[in-house]
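Okay, structure first, notes after.
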Amino acid sequence: MTEPGLSRRDLLRLGVAAGPAALLAACGWDGGPTLEPRLRLFSRVNDWVGEKILLRRQRPAPEYPVSARTEPNRFPAYSITYNDTRRYPGVPQVGEWAVEVGGLVRNPLRLTSAMIEALPAVTYTVKHHCVEGWTAIGTWTGVPVSTIVGLARPTTEARYLRFDSFDRGYYNGWDLASAMHPQTILAYAWNDRPLMMNRGAPLRLYSPIKLGYKMTKYLTKMTFTRDRPGGYWEDQGYPWFGGI
Amino acid sequence: MVKRHHAVVRATHWLNALLLLGMIASGLQIYGAYAHFGPRGAPYPLLNPWDGSGFPAWARLGGWLAGGLNWHFALAWPFVLTGLAYVVFLVVSGEWRSLLFRPRDIRPAWEMQRYYLGLRSEHPPQGKHNALQKLAYTTIVSLGALAVASGFAIYKPVQLWWLTALFGGYELARYWHFLLVWVFVAFTLLHVLLVLLVDRASLRAMVSGWYRGRFPSHD
């Protein structure tokens with residue numbers, strides 16, 4: 001017995017070599033039918049950390065001077081309808097469009113543009129963070145979602161808020177804490193002008209504490225729920241919380 | 001034969017290698033979603049040979065942006081825990097003494113560099129590690145911590161605004177995070193090269209724990 005540790009050592013070496021080799025072979029790979037759902041499940045841990053540990057519910061995101069705004073035509077915009085058809089979603093008939101606020105609420109609402117614009121508004125110039133990694137600065141004006149929540153008076157059962165749109169089924173689910181953040185608004189103006197179709201007119205969700213894909217454009221409905229709503233991108237695997 | 005590496009060091013070393021590989025591959029996948037630095041609409045005067053180009057499939061993990069993100073944010077936890085376990089072990093066991101680069105190591109490091117440059121013929125005496133190794137290992141562990149910190153800075157730039165500010169803002173933090181990848185890649189290449197050229201026995205030691213090579217003393 002000159003080399004008592006040899007075979008064990010060889011086994012270890014093999015194991016150590018197998019790891020990177022397996023990983024290399026896996027590159028460009030989302031995890032497959034076995035791992036990918038587990039990765040998504042693990043993403044719920046990060047959602048929890050994001051909402052329960054890292055989110056400061058009342059602290060505002062930094063604001064920027066108007067001079068820091070990104071040049072308007074360099075501020076990206078997209079919609080599902082545009083990606084599919086090269087056209088933005090059709091403008092709803094003025095006078096017909098309204099946001100339905102319902103679900104687990106004591107006072108369901110139907111909010112028209114005039115009603116929304118009559119409510120106290122906030123304006124801020126903030127940085128937009130896209131999940132892709134780019135940032136852009138713009139000014140947004142709108143009504144805090146917390147104001148709408150105050151009017152609709154959700155029941156104690158309500159834990160989430162679902163936002164729907166007329167953009168080919170695009171929707172998002174939000175935790176109530178982020179929705180109640182003072183800078184989470186229903187925006188109707190961008191850079192001091194009424195929202196254009198590419199930015200989500202007539203009304204869109206905006207918040208500097210979330211990634212861009214969480215901000216539903218072309219808003220039609222707000223529904224308070226007990227169960228966690230998914231989202232257009234979230235259902236395909238993007239992190240659900242999307243808070244920054 | 002001398003006992004060189006504790007099981008904790010060996011386990012964390014190889015785990016770290018594997019996790020770092022996964023972090024880099026999923027990070028390169030994420031980078032491809034927007035292969036530029038700086039804010040939209042403003043050219044950024046930072047060196048980036050990969051500006052505008054993504055990385056080939058063999059270098060990426062995740063398949064698409066969401067897949068890359070999910071890998072990256074899942075592997076980040078064991079990556080951080082492995083690093084913490086390693087550092088805590090060094091502190092508790094006292095092993096940090098043979099690894100931490102201190103001012104008194106500056107002169108021996110210079111001698112070691114001279115040896116590598118061929119300006120000195122005999123290998124300077126050393127303990128478990130020579131002074132240049134201490135410098136390299138101290139630096140790479142610090143940079144690992146920096147990679148984690150810059151990662152958090154771009155993960156939660158609003159909630160952790162103070163951390164993001166330390167890196168010069170979101171756009172710069174993203175750049176440092178990317179730059180560190182190439183430091184790790186360069187370190188790993190050099191690390192493996194030196195192991196193979198200078199002290200092959202150290203590779204066995206990192207697997208079995210036992211060392212039978214040229215530098216058996218333990219300081």
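Each value in this text was obtained by applying a stated rule to the coordinates, not by laboratory testing. All values reported here derive from a predicted model rather than from experimental measurement. Counting neighbours? That spans all protein chains shown, and the Cβs are built from the backbone with ideal geometry, glycine included.
Here are a few things to note about the model shown:
- Helix A:32-48 and the long axis of chain A differ in direction by around 60°, with both axes built from C-alpha atoms.
- Radius of gyration and maximum dimension Dmax of chain B, Cα, Å: 19.5, 62
- Listed by number, the DSSP H helices of chain B that run 24 Å or longer by alpha-carbon position along their axis and have mean Kyte hydropathy of at least -0.5 are B:7-31, B:65-93, B:131-155, B:170-198.
- Share antiparallel - DSSP beta bridges, the protein assembly as shown, percent rounded to 5: 90
- Net charge contributed by nearby residues that have their C-beta within less than 15 Å of B:F178 (K/R +1, D/E -1): -1
- Principal semi-axes in Å for the protein assembly as shown [√(5λ), Cα gyration tensor, largest first]: 52, 23, 19
- Within the shell of other residues whose beta carbon sits under 15 angstrom from the beta carbon of A:I53, the net charge comes to +3, with Lys and Arg scored +1 and Asp and Glu -1.
- With the convex hull drawn over the C-alpha atoms of the stretch A:88-140, the volume per residue is 169 Å³.
- Within a Gaussian network of chain B (alpha carbon springs, distance under 10 Å), most fluctuating of B:T82, B:T164, B:T188: B:T188
- When peptides B:122-130, A:82-90 are ranked by their average number of other Cβ atoms within 10 Å per residue, the highest-first order is B:122-130, A:82-90.
- Mean Cα-pair separation over length for chain B, i.e. relative contact order, pairs under 8 Å, 6 or more apart, %: 25
- Per-residue mean of C-beta atoms belonging to partner chains within 10 Å, peptide A:206-213: 1
- Dipole magnitude of the stretch A:61-236, debye to nearest 20 (Cβ charges: Lys/Arg +1, Asp/Glu -1, about Cα centre): 40
- 0 to 90° range, to nearest 10: angle between helix A:6-25 axis and chain A longest Cα axis: 30
- Charge sum, other residues only, whose C-beta stays under 11 Å from A:T123's C-beta, Lys/Arg counted +1 and Asp/Glu -1: -2
- Under the Debye formula (equal points on every Cα, no solvent term), log10 I(q)/I(0) of the stretch B:33-86 at q = 0.15, 0.31 Å⁻¹: -0.65, -1.12
- Convex hull (Cα only) mean projected area of the stretch A:58-175, reported in nm² to one decimal: 9.4
- Working note: Karplus 6.51/-1.76/1.60 with θ = phi - 60° gives the stretch A:219-230 the couplings 4, 10, 8, 10, 10, 7, 9, 8, 8, 6, x, x Hz, where Gly and Pro are set to x.
- Rounded to the nearest whole angstrom, the semi-axes of the ellipsoid equivalent to the stretch B:68-150, taken from the Cα gyration tensor as √(5λ), stand at 32, 16, 10, largest first.
- Inter-chain shielding of B:157-165 (mean C-beta neighbours from other protein chains, 10 Å cut-off): 5
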